[in-house]
1. Measure up 145/206; 169/206; 126/206; 205/318; 169/255; 186/245 against 23 Å on the Cα-Cα distance and list the ones that go over.
2. What's the center-to-center distance, using Cα atoms, between the stretch 59-85 and the stretch 156-177 in Å?
3. Please go through the stretch 127-227 and write out the chymotrypsin sites (Phe, Trp or Tyr not before Pro) that DSSP classes as loop and that have at most 10 other C-beta atoms within 10 Å.
4. Leaving out ligands, DNA and RNA, what percent of the accessible area of the stretch 247-370 is carbon and sulfur, probe 1.4 Å?
5. Once you mark the GluC sites (Glu not before Pro) that are in a DSSP loop and have at most 10 other Cβ atoms within 10 Å, what is the longest gap between them in the chain?
6. Roll a 1.4 Å probe over the protein heavy atoms and report the accessible area of residue 121 in Å², nearest 10.
7. Among the trypsin sites (Lys or Arg not before Pro) in the stretch 168-254, which ones are in a DSSP loop with at most 10 other Cβ atoms within 10 Å of the Cβ? Mind listing them?
8. Can you give the accessible area per residue of the stretch 29-188, in Å², using a 1.4 Å probe?
Amino acid sequence: MKRIYLSSPTMHGEELQFVQEAFDTNWIAPLGPNVAGFEEEFAAFLQGGAHTAALSAGSAAIHLAMILSGVGRDDIVFGSDLTFAATVNPITYVGAKPVFIDSERDTWNMDPVALEAAFERYPQVKAVICANLYGTPAKLDEIAKICRAHRVPFIEDAAESLGATLHGKQTGLFGDIGIFSFNGNKIITTSGGGMLVSRDETVTKKATFLATQAREPARHYEHKEIGFNYRMSNIVAGVGRGQLKHLEEHIAAKKKIYMQYRDAFSDIPAIRMNPYLEESEPNFWLSCITIDPVSPVKPLAIMEAFDKENIECRPIWKPMHMQPVYAENAYVTAKEGSSVSEEIYSTGLCLPSDIKNTEADMERIIGVVRSFFS
Ligand SMILES: *Cc1c(COP(=O)(O)O)cnc(C)c1O
C-alpha cells in the first residue's frame, strides 16, 4: 500500500533555478543575492510595513527575538502551552524561565483570559511568545493589547501560520517581532530555515547583525557583543524564493483538504475539526480533529489504524506543562484546575494534510476514520 504522508515538501522546479544561479555565480555563502531577494520578496508578501531577516532556522529566530526583547538570566517569559517545544525552548537558551499559558477552545491558542491572570501573578514578566497552532491565528488583537497595556514585548510565533490572516492582516505582524520557519514539513520549505520579521527596521537590522557573529562594521574584526552564526545560506534562500511563488497555491490546496474532511465528517457529531475565528483565514497547514470524550472511539485507536494502513498521522502536540523537561515550570489556566490544552491533547489528532494526496488517498484516509463510527 502506498504511503500517505502527514505533510511532506512539495517542490515545483523553480527552486532549482535559483539554486542553479547560486552555483553558476559561486554564491555559496551565508549571504548573497538569493538571501537579499528572499528577504525582499517575503516582506512584499507580508506587506504591512514588514522588515525581514533571513536566518538558519525558526528556532534561531526565536532565540534572537528573546535577546532583542531584552530577556536574560532568571527572567520570566510567558509561552504557549499547547505548541511544539521549539516555541519555548529558546526562552531557556538565554537563561530565562518559561511560564506556560493555557489554550482557549476557539482557536486552540493562548487564552487571553489566562494570559491576563498570569500578568497578575507574575508582574515582572519580560516577554510573551504565542504560537498560531497548525496555521490558525490566535486571538492576536487581544493578546497584543494585553501585552501593550503591560508594556511587555509580544513575540508572535508564526512558524506554522505563514499566509494566514486575521481580519485581512498577515500573521507574524501582530507582535513586536514575528518569526517564521521553513523546516521540511512547513507550508513552504527551504529544507531548513527561518525568518525574523518586524515593522521596526532597527529590530531586523539588529537581528542580522547578531546572526553574523555581531561583527562590527570595521575592517579589522571588532566585536562589542556576543553574536551567533544564524544567517541563512544563499542556496537555501534560493529554494525559499522558488517556494514563495507557490505559497498561495499551497494554502488553497490545504484549505481544500480541510474542507473535504469537514464535509466528510459533518454527519458524525462526535468529530469536530480544529476551529478558527470567523474573522480569520487560517493557512490550514494541518487539518486536525477532536473526538468527543464521551465517544467510545479514542484517538489512539484511529492512529493505530492509520499505522496499519501505512498512513502517517500525528497526535496533537503534547502540552509543555506535561513535558518532563518542564516539570518544574508554572502553568496558568483561566479556570483553576481545568486545562483546555490537556483536553485538546487527549481528544485530538492531526490528519494527513499533504497537498500531493490524491482523491483516492483522501478517500482511504476518510474511510479509516469513518469505519470507527459506522
Ligand atoms: C517548526 C516550528 C518552530 C521551529 O522552527 P525551526 O525552523 O524548525 O527551528 C517553532 N515554532 C513552531 C510552532 C513550529 O512549528
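1. 145/206; 169/206; 205/318
2. 17
3. Working: sites: 134, 154, 174, 180, 182, 209, 221; in loops: 174, 182, 221.
Those satisfying the criteria are 221.
4. Values: 3100 of 5820 Å².
It is 53 percent, rounded to a whole number.
5. Working: sites that count: 222, 278, 328, 336.
The reported range is 1-221.
6. Probe radius 1.4 Å; accessible area of residue 121 about 120 Å².
7. On the way: sites: 169, 186, 199, 205, 206, 215, 219, 224, 231, 241, 245, 254; in loops: 186, 199, 219, 224, 245.
Taking the stretch 168-254 and a limit of 10 other Cβ atoms within 10 Å, the loop trypsin sites (Lys or Arg not before Pro) found are 219, 224.
8. Working: 5050 Å² over 160 residues.
Roughly 32 Å² per residue, with all protein chains present.
The values are calculated or read from the model by the stated rules, or taken from the named source; none is laboratory data. If you're wondering where the values come from, they're calculated on a predicted model, not measured in any experiment. Backbone-built Cβ (ideal geometry, glycine too); neighbour counts: all protein chains shown. Just so you know, the surface numbers come from the protein's heavy atoms only, side chains and all, with ligands and any DNA or RNA stripped out. Shrake-Rupley method; radii C 1.70, N 1.55, O 1.52, S 1.80 Å.
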